[in-house]
Structures are given as structure tokens and as C-alpha cells.
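Trainee: Can you keep this structure in mind? I'll have questions shortly.
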Amino acid sequence: MVKGIFRGEPRLISWNITLRCPLACAHCYVDAGGREADGVLSTKEAFGVIDQVCETGRPIIVLSGGEPLLREDIYEIARYGTEQGLRMVMGSSGYLIDGKTAARLREAGIRAVAISLDSANPAVHDSFRGMPGVWEKAVSAIRNLQDEGIGVQINMSVMRPDVSEVAGVIDLGVSLGVKDFQVFFPVPTGRARGSDIMNPRVYEGLIRGVLERYRDAPLHIRPTCAPQFRRIADELGIENPSWGRGCIAGITYCRIYANGDVTPCPYLPISAGNVREQSFAEIWHHSEVFSTLRDISRLTGKCGRCHYRSICGGCRARAYQGGGTLSTGWCDGLALPAALHGELCGEDPWCPYDPGEFAE
């Protein structure tokens, strides 16, 4: 493996613990709703997955969905993970987090919750989320969690190329006492598959605008699903050791699907193995999919020639299903994780940067 890329242990695991959700978000990558996933892991099996994960280290586990709070055993699972020494956190719309729920999350050992907030405008957010009143619930959830001493991060999905939209959410979060923000540049998938595709240069300009605007702010802001932000930050002279590599899929991060399939990230529905058939440690350390992603010498096209390949790597999800064009819906979150059937290491079609000839 390439030194400086793969360090052996997972640092972050996102777990789609359920696909049920009370909302109908326009950009949901798994098309979550009222029906549960087929073959969802049981409580006992979930405990077993946690035991398996502990064999590889002590990563952060993000209990996600769907809406994880719709699993009746979610507090048991959170508590079990906490007792095994894992940092258990959660991703939620906030729709179900009243004061009582926030207290139960604290008691279960949840250390932090990422609340989805896509706009400072309630009407815009509610439109994205497919239900009125969701914005108010999200803001209330932030306050309820803070009252219980639970850390809060705001996850914003950028649906329009407007820096002021991002600034509005960050300013709102700051007014609520939030300092951590993940600004997602979604891959069109699930119910967002038919959405407008942002021009790569507009996309790049938006990333640059966000980085410039907040370069000296006492906040933690990380563009996500936009690995070239590392190159752009370097061009701007902005350094942040906490950022890590641009694309971390399969390197320090992976996703566990509701049925136990392990994939490099939520937007790459490629099964590296299933925890019902192999141990998580076996999948993490020996999967062909993960081994491929960890070897930057296998990158091709512009990504393979780029001297930023070790800190960026290009979006592997867009590369895998983009085929070097912008004409397809790159990643199908509706699909169950399947076997590898394409090129994992091609160039990222959303990066307009031309590195020229091969750079060492």
C-alpha cells in the first residue's frame, strides 16, 4: 500500500442501520421511506457487527439511515457500541429529536449528532425534505441536543451553486452555537438521480468561494463529496490538518448497508463483502475493492497524472459510474450493493483541473 494513504485501521464507518424514514427528501441517496430494507440486520447481528469492528480498531460509528431513530433498538445498539469503547454518533434529520429523545441519546452514549439543514430559509429546507415543519424540528433538535451536552454538527446538502446559500446555513448554525459543518456536494442518486447536474467549473467556483469566505473563521468546515477541495485549498494557501484526504472511501472510511453489505462509501454501491458471510476485519483488510482504492498507482486519466492524487484522489463514485462523462446518473443509491463491474480508478468527471503531463 502507498505510504501516507492507508494506515491500517478504519477511522469512520457510516452504518445505514435502517432505510425507514418519515420524510421524503428530494436528494435521498437510498430512497428511504416507509418500507424497511430486505434482510436488515437484527439487534443480535448488530451487536456482532460492533464486535467485529472492534477487531480492527476503535473507529467512529455513525448510526444513519433512513432515520436511525425509527429503529426500536437504536438505543440498545448505541449503548452496546459505547460499552465496547467506540465513539457512537448519529446522523438525523432532527425530526424526532425532542427533549426526551435527546436525553435518551445521551444516556445511550451518543456523543454527537449531525443534523441535516439545507437552507436558512424554512420553506426551502422543507421543500427539499418533502414535509412542512421539518426546518423548525431540525432547529429545535439542535437546541435539545445541546441542552443534553451532545455535540452537534450541521450537514448541509448544496442543491444550488450559490455561496450565499451555504453562508446562510453556516451563519444560522453559528447563531445556534454550532461550530462543525459538513458541506455536501451530492452525487445525483436515489430520488436526486434526475436532478440538474452542476457544471464542473461552477462546482469548482462554489468550493473555492466557500473556502475563501471561511478561511479564517474559528469553525470546522469540510466540503464533502468534493475531494478536489484539497487542491483548491492548496492553491489558496489554506491548510487544515484535520481535513485528511479528499476522498477517503475505502481508505479510512466505509459504509455498512442495512443488510450487512460493506461498501467503500454510500455513493459506491459496490459490495466488498457481507458481515454475515465474512468478518468485518477480513473485508476491511483483504477485500479486492478496498485494496484497489488504497493503491494510488492504479489511478488513471487525469487523476493518475495529478500531483494532488495523494491528498485528493478524485471522487471514486463519480469516476466509477461517470465513465468520464457528465451524462449519466453516476451512483445509484437505490441499488443494493453489488459486485464490482466497472472501473474504480478512472478520472473524476467533475474535476476540470488539467495536471498536464504525468507528475511525480
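Trainee: Please identify every one of the GluC sites (Glu not before Pro) in the stretch 64-112 that sits in a loop by DSSP and has no more than 12 other beta carbons within 10 Å of its own beta carbon.
Mentor: Passing sites in the stretch 64-112 are E72.
Trainee: Eigenvalues of the Cα gyration tensor times 5, then square-rooted: what semi-axes does that give for the stretch 110-178, in whole angstrom, largest first? Kindly include the intermediate steps, with their values, before the conclusion.
Mentor: Details: eigenvalues 81, 37, 19 Å².
That gives 20, 14, 10 Å for the three semi-axes.
Trainee: With every protein chain kept in the model, how would you rank M90, M131 by accessible area, 1.4 Å probe, largest at the top?
Mentor: Details: M90 5, M131 50 Å².
Greatest to least solvent exposure: M131, M90.
Trainee: Okay, moving on. With 10 Å bins from zero, work out the P(r) of the stretch 219-287 over every alpha carbon pair and list the percent per bin.
Mentor: With 10 Å bins starting at 0, P(r) equals 19, 40, 24, 15, 2.
Trainee: Mind listing the Cα extents of the stretch 47-147 along all three principal axes, in Å, largest one first?
Mentor: 45, 23, 21
Trainee: If you consider only alpha-carbon coordinates, what radius of gyration and Dmax does the stretch 129-273 have, in Å?
Mentor: According to the Cα coordinates of the stretch 129-273, Rg and Dmax are 16.4, 43 Å.
Trainee: Between the alpha-carbon centers of the stretch 56-120 and the stretch 139-163, tell me the distance in whole angstrom.
Mentor: For the stretch 56-120 versus the stretch 139-163, the Cα centre distance is 14 Å.
Trainee: Turning to a different aspect of this structure: Could you give P(r) for the stretch 47-88, binned at 5 Å from zero, as whole percent values over all Cα-Cα pairs?
Mentor: All Cα pairs considered, the percentages come to 5, 25, 34, 23, 11, 2.
The values are calculated or read from the model by the stated rules, or taken from the named source; none is laboratory data. Please read all numbers here as calculations on a predicted model, not as lab measurements. FYI the Cβ positions are ideal-geometry reconstructions off the backbone, even for glycines, and counts take in every protein chain you see. Keep in mind that these areas ignore ligands, DNA and RNA; they rest on the heavy atoms of the full protein, side chains included. Shrake-Rupley method; radii C 1.70, N 1.55, O 1.52, S 1.80 Å.
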